[in-house]
Structures are given as C-alpha cells and as structure tokens.
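*Asks:* Starting off with a structure, shown below.
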Amino acid sequence: MKTHIFPALKLTFLCILLFVILYPALIWSVAQLSENQGKGDLQNLGQAFTQAKYFQSRPSAVSYNGGGSGGSNKGIANPDYLKEVQARIDTFLVYNPDVQKAEIPSDLVTASGSGLDPHISVQGALVQVKRIAKIRKIEENKLIELVNQQAEKPLLGLLGTSKIHVLKLNLALDKFGEK
Amino acid sequence: MNTEIFGIIFMFLATVLLAIPLGKYIANVYAENKTWSDFLQPLENLFFKISGIDPKQEMTWQEHLKALLTINFLWFFWAMLLLMTQDFHGFLNPDGNPSMTPDLAFNTAISFLVNCNLQHYSGETGLSYLSQLACMTFLQFVTAGTGMAACAVVFNAMRSTSPTPNPSPVERGNTNPKGGEGFTPLSKGEGQGVRLLGNFYNCFLKSCTRILLPISIVIAILLAFNGTPMNFEGKAEITTLEGVAQQISRGPAAAMIAIKQLGTNGGGYFGVNSAHPLENPNYLTNIVECMAIFLIPIALVFALGYYLEKKKFAWVIFGVMTIGFLILLLPTVYFEMQGSPTLAKMGINQDLGSMEGKEIRLGSAASAYWAINTTVTSNGSVNAMHDSLTPISGMMTMLGMMINALYGGVGVGFLNFYIFIIIAVFISGLMVGRTPEFLGKKIEAKEMKIAIIIALLHPFLILAGTALACWVFVNNPDIGWLNNPSFHGFAEMLYEFTSASANNGSGFEGLGDNTPFWNISTGIVLILARYLPIIGPVAIAGILASKKYIPESAGTLKTDTSTFGIMVFAVIVIIAALAFFPALVLSSITEFVMTY
C-alpha cells in the first residue's frame, strides 16, 4: 500500500490536468465553431402551449421547466396514472369536439421522458388541425399542408421516426396568419 | 414503423463492424505493438516520470490489486471533497447549487468511483459545473480505465503459456545472469513460481489515453455540433412563444456526455439523462451515443481473440453474449412497439408504441433498444424512463443486469464472463470425467471456490438488499418511497438493488431514493459489487497463470466450439437467471399477467 500512495497521488494529479482541464478546454474551443457557439440549441427544448390557437405539446411531468427535467415514472398499470390519462383524454375531446377518441395518438396523452420533449407525432399535429382551423379561420387543407411541410422525415429517410417540432410549427403558423 | 426497426438494426450492425477493428487496435495497445496513437508516448512517459513509476516494471496479480485499490481509495476522497464543498465553487457554480449532504455525497462518490453512476440527485439542481467536470467526468475516465486495466491483467494471465512460470533472466534478454552490464534485477516474486502480468499503471493510463480519450473527443465534438451545450455560463432565460419565461439549464455537457456513454458509466449530465433534448438532441446523436454504450465491451471480446491469437474462442464468446442479448432485446422491442395495454383498453391508438416516458424524436423501438443496451452493459444511461416500461420489458432490463456479463461493463463485463467460463469448464470437466483445464491450466478447488463466491455474491446482494428494503417498508408504510403501488412498487426496490449490484446506475426512478437508507445501503452494495468481482477473476487468472502449462492433447476440453458455448450459456441461465426467478414472478411477471 505504502509504496503505491505517492505514485498514485501524482498520477491522479496529472490525470486531473488531462481530463478535467485539457480535455474540456479542447472540446470547449472546438464547440465555439458550432452554430450556437457551444451555448446549446435552446430551440430544441419543448415549450408549453396552453392557448387553443397553437398546436399543443405533449403533457409534461415538470411543466416544461428547463431548469429541471423529469418523466412521470408511472407504471402502466398504476390506477392514479390511468385516471390522469383519462382526464387528459377528456380535456382533449372538450377542446377538439370534432375528433374521435380513436384518432388521438398516444403521445398527446402521455408524458415524455424528459418532460421537455420538443416534438409531437405527425398524427398528433393533424388531429389538432380542425380546432386551429376554426379558431384561426384558415382552411383545413392549407393547415394540413403546413403540417406536412413541417414534418421532419426519418434520418436519411431510413432511420428513426417522423415527427413535428411543435415550436417551429407554431412559428410557421403565426407567419401563415400574417400573410 | 419500419424505419424504427431499420434504425436499431443499423445501430447493432454498425457497432459490431466498428468493434472488430477497435478490438484489434486495443490488442495492439496492450501488447505494446506499433499503433497510430504512439505519438502520445512522450506524454505518457512524462506522466510516469513525474509520478515516479517505471511502466516496464512487471507486477504480480497481488501487486496489481494493491495498486488498483490504492489509487481508487484516493479518488474517493477527491470526490467527497468536491461534492461536499459545492457552496464554495464560485464561478464554476453559476446556478448556486448547494453542497451535498454527507449521506448523498457518500452515495454519489462511491457510485461514480465504482463506475456505476447511480444518481440520487438531479444534475441540474444537484451539481456545480466544477463537480460535473472534476468529479464526474474525471471519474468516468479513470474508473473505466481501471476496469480495462483489470481486464488487461486477466488477458495477460491467459496469455502466459510458457511451460515454466517465469522466463529465466536469459530468456528475458539478460546476457549475464550474475549481474553487470545488461542485467535487469529480478522483480519481487520473480523466480518463485509467480507469474508477472504487466504493469497496472501502464495498462490503466494507456486505456485512458489511447482508447477512451480519442473516441470521447470525436463524440463530444459531434454532440456540440448537434446542439449539446459546452459552455460555462449559468442557466439561460428565454421567453416562450406564448410569452412565459423559461429557464434552461446548461453547462459543460458535451465533454461529460461523451465519456459517460463510452466508459459504461451512464451518469447523465441532466437529471433525465439522454432523454433530455440537450443531452441527446436528435436521432443521429442517439445512434452515436447508443453505439458508444457497447462499442468497447464488444471490442474487448475481439481484443482478447487478437491478443491470445484465439480468434475462434473470441467468436464463441461473442456468440454466447449476442444470443443472450437478442433473447432480452426482441421481446422488449416487441412489447414497447406494441404499446400500452391499459391505454389501448381506454381506446387510445397505440401505433406509436408505449409512449409514456419516451421521446418522440427517438421513438419506442430505439428506446427499447437503448434500454437493453444500457442494462446488459453496466452503462445505466437511459433515453426513456424505465419505470414506465411495459412489464416484460422492465423484467428484461432487470435480467440484463442480473446476468451482467452479456457484453458487460468496460473491462469488468469480461471479468464476469470469465467467472462463468471457469464454472463451465469445471462442470464440463466433471461431466466427461477429466481434470478440467482452461487454456492449458488445471482448474482446482481454490479457483472454483473463488469463482462460486463471486458468482453467488451478485444474487445475494440483490435479494438480501431488496428483502431488507421490503422489511423497512412494511414496518413503515408511510415512508413514501414508492411512486407506484403493488407489484410495480416491489419492482422499483428490486430494480434499485439490481442496478447497484450490477454497477449499472439506471433506475426505476420513481423510487424516492435520496434518503439515508437508500444512500447508505446501496453505497455498501456498490463497493462490494465492484471490487470483489474485480479481485476474484484477477486472483483466479493470477493463480492459473502461475500453474504449470499442460500442452493441448486429444483429451483436452476444447473451449472454442459451439458445444462449449452452449455450456457457458447454460451456466449463465442456471446461476444468474434462475436465482432471480421468484423475485421476478413477484414483480414483473405478475404485473404482466394482470395487465394483459
């Protein structure tokens, strides 16, 4: 033990220099060249949309507080959780009276893992079109077109999911109204 | 739908295809052959010179363990110091996060020290930027290096096939054994029937500088260019489209996330780990982070093949691991993509799969794939909340950790698998009535005792820990630990101890685990479950290495055949999986029967 303490101390100190100072400094310097200078893509964080004239984000266990993050961590058979989901379904149907229950995709009534999910599914946007068309007095077809324009395809068209970035869609929606 | 399946097939194939050349490279690094990274040699030599270490001085297995434990012991104090003084971290704590309580600091320091990264805090509110770098990132590098160094010792021991325990001084290039010019003095233990197995510090530092560091740099830069923050300003404050103020936590995340994925550490920068849109911004980063999880664990299997020049043996090991992996993976992907049965009963369309606790940009298939990846290796990072997985998937993630040797953690995963190999050799030997031999060395009572103790330690820690937690819970029904009632609540406690004992670090995070009971009990489990499974295999390998080498004959049990692969698989099923069957019946299986 004794013979190892001092070499270990010195080696630890040098490793700290390498991994705590040099390595992060290198990554930090290179990150300055990125689009957002290493400050993070803040648009990629989900936002809460409570007004009926906007497309809604998914339910969030942390109310889209970006100073924290969290999922509900509810088991799928938890009775309290199922009551909560039922309440979400009922609320959605009140605001979207023209929609059948079977058309609601599961992402709109379940909380995301991070509580900050910036996306909804394409179906999740389409199912809200009727409501927004009515409020904004825009033709449904044009809104459907807008949603399809905003849909992000899988990576290379092959890998992963199709999705809608809610904030970007709503920004496009506001612009659309101005025209 | 199909693009989601393509995504995971792509990730698996790409990982294996990268792991083969990486394995060759790792074997060359440990064998001190020429590699492209030799330009780092002067830096490493400088480190050794300042530290007063002679990297060429070979060590016995006991000395390896002494060096390993000593340096780990020092890191523990460094971590405790940082975590308990966060109030004083000044400009490196711009969000003003408080110092940890002693029990939380103990748990956190231990858990990062043992490469587990069980997190009873949340990154955004629990750590300063200084702690994220100087404690977490630092330990994520060096503990992964420790595991790989221990693995390298076992590789060295398995390679020792010369008939005499130690090469004579003449064989070692000493022309004049009596001293004088060109004579290297005998190391301690040399010539006493003790095999020398390389230098611990050398294996450790090279694992860090040659393997972990270069790959981490690539991943970190890729993350930074995809929107992961790497800055030192505090929280951002933005106004949302609806005009509400929103705070956003940031910090030096990209550097930390890269090594967290690569070193099978898994402790996320943000509370929800790689489910966070800044920690894992898109599907591309998800592919990269997911591949990083088990790139090195697979590469080490191939490295063994190159190092021992027994490639077929490596493929047998890889085959056993992959079959076990697929048996866990396929049902998980199926059930997660099929969706939640309870929501389906309520009339909600489940085309997207079970989306509670999952992210839309990743989808249910990639989340299921990650869940099994992270639990069969001892990574423990998550991109979906495991607490909300469907029951069978939850069970598969636990089984991955209960076996803990299908790929496994960097270095230590192979050590666990080595134990199963030893047991399988012994049982096979008994079945055919021969003395069991492995790579030309007899396996006898002493090695078997160590192997069995290590193999049974894991179920013992998990089941005894869970039993203790249940006892406390039953006597204090108002203790408020559980986020879910009934069988799923039991699963939360079982998962926590499984994760601790497997040095995994993921959780059924609904469990209220930042209490003295959980901090201290899992802290103790973490220490035992890390160091004993390192000491055991290194000791076995060391003892075997110093035994007489018996050349292969017609009567030798062949270890590079599929028959032997099946034996190892059977041992894993019987020892690891069946030990947990009753506990799994009480949790996930009953939950499954009741919800479907």
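The values are calculated or read from the model by the stated rules, or taken from the named source; none is laboratory data. Worth saying up front: this structure is predicted, and the values here are computed from it rather than measured. Neighbour counts are summed over all protein chains in view; Cβ atoms, including those assigned to glycine, are modelled from backbone coordinates with ideal geometry.
*Asks:* For segment B:334-351, which positions are outside any helix (DSSP H, G or I) and surrounded by fewer than 23 Cβ atoms within 10 Å (Cβ to Cβ)?
*Replies:* Hits for segment B:334-351 are B:339, B:346, B:347, B:349, B:350, B:351.
*Asks:* Does segment B:233-249 hold any residues that are small (Gly, Ala, Ser) and surrounded by fewer than 24 Cβ atoms within 10 Å (Cβ to Cβ), and which are they?
*Replies:* Those that are small (Gly, Ala, Ser) and surrounded by fewer than 24 Cβ atoms within 10 Å (Cβ to Cβ): B:234, B:236, B:243, B:245.
*Asks:* More than 7 Å from chain A (Cβ to nearest Cβ), at negative phi and buried (at least 24 other Cβ atoms within 10 Å of the Cβ): is that true of residue B:356 in this structure?
*Replies:* no
*Asks:* Within segment A:84-95, identify whether any single residue is more than 7 Å from chain B (Cβ to nearest Cβ), charged (D, E, K, R) and closer than 25 Å to residue B:593 by Cα, and answer yes or no.
*Replies:* Checked segment A:84-95: at least one residue is more than 7 Å from chain B (Cβ to nearest Cβ), charged (D, E, K, R) and closer than 25 Å to residue B:593 by Cα.
*Asks:* Sticking with this one: Can residue A:43 be described as surrounded by fewer than 21 Cβ atoms within 10 Å (Cβ to Cβ), modelled with pLDDT of 90 or more and more than 7 Å from chain B (Cβ to nearest Cβ)?
*Replies:* No; evaluated as a whole, the condition is false for this residue.
*Asks:* Which residues, counting only those in segment B:250-280, are within 7 Å of chain A (Cβ to nearest Cβ), under 25 Å from residue B:110 (Cβ atoms) and touching a Pro at 6+ places or on another chain (Cβ under 9 Å)?
*Replies:* If the condition is that a residue be within 7 Å of chain A (Cβ to nearest Cβ), under 25 Å from residue B:110 (Cβ atoms) and touching a Pro at 6+ places or on another chain (Cβ under 9 Å), then B:252, B:255 are the ones that fit.
*Asks:* A further question on this structure: Checking the conditions here, which among A:138, A:144, A:164, A:132 is in contact with a Gly (Cβ under 8 Å, 6 or more places away or on another chain) and at pLDDT 90 or above?
*Replies:* Exactly one of A:138, A:144, A:164, A:132 is in contact with a Gly (Cβ under 8 Å, 6 or more places away or on another chain) and at pLDDT 90 or above, namely A:164.
*Asks:* Would you call residue B:374 under 21 Å from the mean Cα position of the chain (by Cα) and among the β-branched types (Val, Ile, Thr)?
*Replies:* In short, yes.
*Asks:* Being outside any helix (DSSP H, G or I) and of a type in the set (A, V, I, L, M, F, W, C) is the filter; apply it to segment B:1-38 and report the residue that is nearest to the other protein chains (Cβ to nearest Cβ).
*Replies:* In this case the residue turns out to be B:1.
*Asks:* Among all residue pairs at least 6 apart or on different chains, which show Cβ distances below 8 Å where the first residue, located in segment B:472-493, is more than 8 Å from chain A (Cβ to nearest Cβ) and surrounded by 15 or more Cβ atoms within 10 Å (Cβ to Cβ) and the second is among the hydroxyl-bearing types (Ser, Thr, Tyr) and outside any helix (DSSP H, G or I)?
*Replies:* From residues that are more than 8 Å from chain A (Cβ to nearest Cβ) and surrounded by 15 or more Cβ atoms within 10 Å (Cβ to Cβ), the pairs are B:481/B:515.
*Asks:* Given (1) of a type outside the set (A, V, I, L, M, F, W, C); (2) part of a loop (DSSP other than H, G, I, E, B); (3) under 19 Å from the mean Cα position of the chain (by Cα), identify the lone condition not met by residue A:88.
*Replies:* (2)
*Asks:* In addition: Determine, yes or no, whether residue B:372 is among the β-branched types (Val, Ile, Thr) and assigned to a helix (DSSP H, G or I).
*Replies:* Spelling it out, residue B:372 is indeed among the β-branched types (Val, Ile, Thr) and assigned to a helix (DSSP H, G or I).
*Asks:* Being among the aliphatic types (A, V, I, L, M) and either facing chain A (nearest Cβ under 7 Å) or under 24 Å from the mean Cα position of the chain (by Cα) (or both) narrows it down to one of B:196, B:223, so name that one.
*Replies:* B:223
*Asks:* Moving on. Exactly one of (1) of a type in the set (S, T, N, Q); (2) in contact with a Gly (Cβ under 6 Å, 6 or more places away or on another chain); (3) within 17 Å of residue B:347 (Cβ to Cβ) is unmet by residue A:73. Its number?
*Replies:* For residue A:73, the failing item is (3).
*Asks:* Let me ask something else about it. Can you name the number of the only condition in (1) within 25 Å of residue A:99 (Cα to Cα); (2) at the interface with chain A (Cβ under 7 Å from one of its Cβ atoms); (3) hydrophobic (A, V, I, L, M, F, W, C) that residue B:384 fails?
*Replies:* (1)
*Asks:* With A:64, A:54 as the choices, which residue is of a type in the set (Phe, Trp, Tyr), more than 25 Å from residue B:224 (Cβ to Cβ), assigned to a loop (DSSP other than H, G, I, E, B) and facing chain B (nearest Cβ under 8 Å)?
*Replies:* Exactly one of A:64, A:54 is of a type in the set (Phe, Trp, Tyr), more than 25 Å from residue B:224 (Cβ to Cβ), assigned to a loop (DSSP other than H, G, I, E, B) and facing chain B (nearest Cβ under 8 Å), namely A:54.
*Asks:* I'm checking my understanding of the structure. Among residues of segment B:78-115 that are of a type in the set (Phe, Trp, Tyr) and within 23 Å of residue B:148 (Cβ to Cβ), which one is surrounded by the fewest Cβ atoms within 10 Å (Cβ to Cβ)?
*Replies:* Taking the candidates together, the pick is B:78.
*Asks:* If you don't mind, another one. Which of the residues that make up segment B:541-596 are part of a loop (DSSP other than H, G, I, E, B) and of a type in the set (S, T, N, Q)?
*Replies:* B:546, B:553, B:556, B:559, B:561
*Asks:* Kindly indicate which of B:44, B:124 is crowded, with 24+ Cβ neighbours inside 10 Å, charged (D, E, K, R) and not in a loop (DSSP other than H, G, I, E, B).
*Replies:* Residue meeting the stated conditions: B:124.
*Asks:* Any idea which residue in segment A:113-146 is surrounded by the fewest Cβ atoms within 10 Å (Cβ to Cβ), counting only those that are part of a helix (DSSP H, G or I) and facing chain B (nearest Cβ under 9 Å)?
*Replies:* Within segment A:113-146, the match that is surrounded by the fewest Cβ atoms within 10 Å (Cβ to Cβ) is A:123.
*Asks:* Any residue at all in segment A:69-83 that is crowded, with 19+ Cβ neighbours inside 10 Å and assigned to a helix (DSSP H, G or I)?
*Replies:* yes
For (1) buried (at least 20 other Cβ atoms within 10 Å of the Cβ); (2) modelled with pLDDT of 90 or more; (3) under 21 Å from residue B:362 (Cα atoms); (4) among the aromatic types (Phe, Trp, Tyr), each residue gets a yes or a no:
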| site | (1), (2), (3), (4) |
| --- | --- |
| B:168 | no, no, no, no |
| B:176 | no, no, no, no |
| B:198 | yes, no, no, no |
| B:212 | yes, yes, no, no |
| B:227 | yes, yes, yes, no |
| B:231 | yes, yes, no, no |
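*Asks:* For segment B:525-575, give me the residue count where each residue is in contact (Cβ under 8 Å) with a residue 40 or more places away in the chain and under 22 Å from the mean Cα position of the chain (by Cα).
*Replies:* Within segment B:525-575, residues that are in contact (Cβ under 8 Å) with a residue 40 or more places away in the chain and under 22 Å from the mean Cα position of the chain (by Cα) number 22.
*Asks:* With respect to residue B:388, determine if the residue is within 26 Å of residue B:588 (Cα to Cα) and touching an Asp or Glu at 6+ places or on another chain (Cβ under 6 Å).
*Replies:* In short, yes.
*Asks:* Let me ask something else about it. Kindly provide the set of residues from segment A:147-170 that are in contact with a Leu (Cβ under 7 Å, 6 or more places away or on another chain), closer than 19 Å to residue B:242 by Cβ and either surrounded by fewer than 20 Cβ atoms within 10 Å (Cβ to Cβ) or at the interface with chain B (Cβ under 10 Å from one of its Cβ atoms) (or both), ordered by number.
*Replies:* A:167, A:170
*Asks:* Taking residue B:507, is it without any contact (Cβ under 8 Å) to a residue 40 or more places away in the chain, within 14 Å of another protein chain (Cβ to nearest Cβ) and either on the phi < 0 side of the Ramachandran plot or of a type in the set (Val, Ile, Thr) (or both)?
*Replies:* Taking the combined requirement at face value, the residue does not satisfy it.
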